[in-house]
Every structure is written in structure tokens, then in C-alpha cells.
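Undergrad: Before anything else, here's the structure in question.
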Amino acid sequence: MSTELSEDALRLLPSSEEAPKCSSYSRLINADPCGTALAVEALILIETPLPWPKPVFDHPLLKGFSSIVATSLGLTRVLAMVPRDEDPGIGIFVYQRDEVGVKSWTFRPQGPSDLAQFASNIRTVTPDQLATTPGSLDPPELAVLICTQGSHDICCGSEGTKLADELEERAPGLHVLRISHTGGHRFAPTAMTLPDGRMWAHLDADTTLSILELTGEPSRLGSQCRGWWGAPSGPGQVAERAVFEQLGWELDILPRDITVSPSEDGWTVSLSVALQEWSVEVRRGREIPTIACRSDGGLPAKPNHEYTVAKIHPPG
């Protein structure tokens, strides 16, 4: 991919006298976050005491892990999680994408050697077959995972932490999981909601609660949706969001199968939703710069591009 910005993208850069935060800048240019969500089959969240280094896998407790690994569950994203209680051992939450929603497990290795053994075993052995000591509680199925890793980006550290604090104050029973970098810090505060597996950008407490309570209007929330973790990144997630905006929350309780095919003008995305076929034509959108956070003129900046939905063909 070229690192040179187009003339249109250059015109969007901050002035040389400005050094904005990347999250503030992405709001200013109304950057569309869709297509930037994780595309994985499972998550592993590991309680890891602060402070976290950058990258977080330099933490001594996470030896043997990496950001993306192939496990018995499929392609899996590993994330650090701020410890949630005082129980002995290291809490691990495992979430696997199911046909609808998630399957989940919890484990509590008693020390680093047990955790390292878990890192090895999970590559070939399914969670229900692991000998690692199970945790005392099942992972929360309804949860919000918020990136708060300030060592990776100040926007996640400040805005993500502020959102987590407010949600814990307003909804004491809600499971708010503070996690490490999930990508897209320019969209902070960014989060994933479970069990739907959607990722979101520029969240506030009211919007987050409306998502978890299914009271928000999907057609309005679409502009903050980074994508669904079961769709391929880029055009696949953009097409799935377009169908979500039309079908609403019902889509998250329906099985989906998504195929992306190149076309003459972009991509054709086929979505099989509960045995009904949708076809979405996706095109490449505007090129925008991804700036360096708090750097003069946002430099160095990298080119990125958005996607647009040209046409939706509903079933029948």
C-alpha cells in the first residue's frame, strides 16, 4: 500500500500549527469507522495487572501469547484485561462466536506456569477439555469491552477510561471489562459489546446503554458501528452494517454467512441471513489520512480509505 497521500487526503490534514488528538480529528472529518472491527472467531481475555507496556505482550505474564493466534476455537484475538477481583490466580475469559451469540468459559490458572500451559494447550484442545482449574463464575454474556490502554494511545487511555468509569457508576450491575488495544484508537472511546459481537466508535454512556438495552435505533447507530466480528474486515463489515440498519436488532439473533467477491466497480457482498439472500454492492469511498496523534500537522500521516454502499438487493 502506498504511503503517499492523495491531493484530497492532503486537503484534510490539520494545519502545521495544530497537533490534535487522533480521536478528535476523526470526529472533525466525520470519518466512517466501519470496516475496522476485529474479524475473529474467538477472544481470550487475560487478567493482567497494570501497568501495561506497549505492546502489551511484552508484559511478563503474557509470555507465550500473541495478539492473533490459531487456537482450537479458530482465529483468536488475545487481549489483556484489568483484574476484576481479589480471587487467587489469574482470571481468563474465553468467548467463541457461535451461530448466534457466543459460547463462553472461564479459567483461573494459579500462576504464570499454569498460564503458560494454558497458552500451549488452547492451540489444540477445546476449552471444555482443558485440565486448567475452571473459574468459580461463568463469564458474563452481557458485557462491554472497552479499550483503556493508555500506554498504546492517549485517546483510549483517557476517553476509554472515562467511559468505563461512567458506565460503572450509572449501571453498577453491568460487566464493564477494561481491555488492551483492539485497533482503531482514532475512534476512541471504542468498545465491543457482547453477546452481539459488534464493535463501536466514539461511544458515550447513553449510546452504550441504548445498544446493550436494544433501545437505540440501528439506522442512527450505524454511523458508529465499526463492524461485526463475524464479517470479513472492510467491505464485508460495511455490507453487514447496511443490512443491520435495515433489519435492526433482529439481525443479531439470526445466523449469518458472508461472502465477499471482487467486482468491476468494487465488491459484491452476499449475505445469507436465516436462509434469505441479500446482495450488497460496495465501492471504495474517499481517501482520508490517519494522522499521528498530537503531532504537528498530524504528521506523519498514512492513507486510508472508507467504503460506500452503492446498492442493496434485499431477498426476493
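The values are calculated or read from the model by the stated rules, or taken from the named source; none is laboratory data. Everything numeric in this text was worked out from a predicted model, so none of it was measured. Note that we place each Cβ from the backbone using ideal geometry, even for glycine, and neighbour counts take in every protein chain shown. Accessible surface areas use protein heavy atoms only, side chains included; no ligands, DNA or RNA. Shrake-Rupley method; radii C 1.70, N 1.55, O 1.52, S 1.80 Å.
Undergrad: From the set of residues in the range 14-31 that are part of a loop (DSSP other than H, G, I, E, B) and open to solvent by less than 40 Å² (accessible area, probe 1.4 Å), which is nearest to Ala292 (Cα to Cα)?
TA: Pro20
Undergrad: Something else about it: I need the full set of residues from the range 161-180 which are under 23 Å from Trp228 (Cβ atoms), open to solvent by 40 Å² or more (accessible area, probe 1.4 Å) and touching a helix residue (DSSP H, G or I) at 6+ places or on another chain (Cβ under 8 Å), in order please.
TA: Once the filter is applied, which keeps residues that are under 23 Å from Trp228 (Cβ atoms), open to solvent by 40 Å² or more (accessible area, probe 1.4 Å) and touching a helix residue (DSSP H, G or I) at 6+ places or on another chain (Cβ under 8 Å), the range 161-180 yields only Arg178.
Undergrad: Further question: Being more than 29 Å from Ala188 (Cβ to Cβ), in a loop (DSSP other than H, G, I, E, B) and in contact (Cβ under 8 Å) with a residue 12 or more places away in the chain narrows it down to one residue among Pro109, Pro140; which is it?
TA: Step by step, each of Pro109, Pro140 is checked, and only Pro109 is more than 29 Å from Ala188 (Cβ to Cβ), in a loop (DSSP other than H, G, I, E, B) and in contact (Cβ under 8 Å) with a residue 12 or more places away in the chain.
Undergrad: Let me ask something else. One residue is enough: does the range 35-50 have a residue meeting the conditions more than 18 Å from Arg178 (Cα to Cα), open to solvent by less than 20 Å² (accessible area, probe 1.4 Å) and not β-branched (Val, Ile, Thr)?
TA: Yes: the range 35-50 contains one or more residues that are more than 18 Å from Arg178 (Cα to Cα), open to solvent by less than 20 Å² (accessible area, probe 1.4 Å) and not β-branched (Val, Ile, Thr).
Undergrad: Could you list, ordered by first residue, the pairs with Cβ atoms under 6 Å in which the first is in the range 196-221 and closer than 20 Å to Gln237 by Cβ and the second is hydroxyl-bearing (Ser, Thr, Tyr) and surrounded by fewer than 22 Cβ atoms within 10 Å (Cβ to Cβ), at least 6 apart or interchain?
TA: What qualifies is Ile211/Thr193; Gly216/Ser210.
Undergrad: Would you point out the residue of the range 166-197, among those that are closer than 24 Å to Ser24 by Cα and among the basic types (Lys, Arg), that is modelled with the highest pLDDT?
TA: Per the criteria, the residue is Arg178.
Undergrad: Being touching a residue at least 24 places away in the same chain (Cβ under 8 Å), open to solvent by less than 20 Å² (accessible area, probe 1.4 Å) and either within 19 Å of Gly101 (Cβ to Cβ) or over 16 Å from the mean Cα position of the chain (by Cα) (or both) narrows it down to one of Val238, Val243, so name that one.
TA: None of the other options fit; the residue is Val243.
Undergrad: Output the number of residues of the range 282-297 satisfying the condition of being under 24 Å from the mean Cα position of the chain (by Cα) and either of a type in the set (Ser, Thr, Tyr) or open to solvent by less than 60 Å² (accessible area, probe 1.4 Å) (or both).
TA: Result for the range 282-297: 10.
Undergrad: Further question on the same structure: Taking the criterion of being more than 30 Å from Ala242 (Cα to Cα) and either touching a Leu at 6+ places or on another chain (Cβ under 8 Å) or aromatic (Phe, Trp, Tyr) (or both), would at least one residue in the range 128-138 satisfy it?
TA: No.
Undergrad: Among the residues of the range 90-114, which ones are closer than 23 Å to Met192 by Cβ and open to solvent by less than 30 Å² (accessible area, probe 1.4 Å)?
TA: Selection gives Ile90, Gly91, Ile92, Phe93, Val94, Tyr95, Gly101, Val102, Thr106, Phe107.
Undergrad: Pairs under 8 Å by beta carbon, first residue charged (D, E, K, R) in the range 61-84, partner assigned to a strand (DSSP E or B), six or more apart or different chains?
TA: What qualifies is Arg77/Ala42; Arg77/Leu43; Arg77/Ile44; Arg77/Ile68; Arg84/Glu47; Arg84/Leu177.
Undergrad: Right, something else. What number goes with the only condition from (1) farther than 30 Å from Leu142 by Cβ; (2) touching a Phe, Trp or Tyr at 6+ places or on another chain (Cβ under 9 Å) that Arg241 does not pass?
TA: Just one mismatch for Arg241, condition (1).
Undergrad: Kindly provide the set of residues from the range 213-235 that are open to solvent by 70 Å² or more (accessible area, probe 1.4 Å) and on the phi > 0 side of the Ramachandran plot, ordered by number.
TA: Correct list: Leu214 only.
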